[in-house]
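Down below is the structure, laid out as structure tokens.
Just so you know, all these numbers are worked out from the coordinates, no wet-lab data involved. These numbers come from a predicted model, not from an experiment. So basically every Cβ, Gly included, is an ideal-geometry build from the backbone, and we count neighbours across all protein chains shown.
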């Protein structure tokens, strides 16, 4: 089932909540993604959404204003940068992203924020720590 979304009442710090409106989709990512959790980027405008896709074992990064998927990263597995049931997301004051996994993954991973730059590919693959 596909859904289109509209903005409803405001949440804290200017965030908005998407609510189901109809059976037709206007979101580019709704038909190919299942979001288990969402969190906002830490820039003052909260311009980006991080969406945990526990089915495809990826983190999608969306432009908040249009819900367009800009890029994604990760893949299924238990190595650093891979996910097994990625379930919860959070960001800290420095913009770092934290992921929590369910099932037997049962771990937390930190993705270090290094700034915003041009996106060259839709899927970044597995992000691994340097030297590993």
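Could you sort the peptides 73-80, 107-114 by per-residue average Cβ neighbour count (10 Å cutoff), highest mean leading? Present the calculation step by step, with values, prior to reporting the outcome.
On the way: 73-80: 15.0, 107-114: 12.6.
Descending mean neighbour count gives 73-80, 107-114.
Note down the nm distance, to one decimal, between modelled labels 7 Å out along Cα→Cβ at residue 114 and at residue 43.
Each label point lies 7 Å from its Cα, and together they span 1.8 nm.
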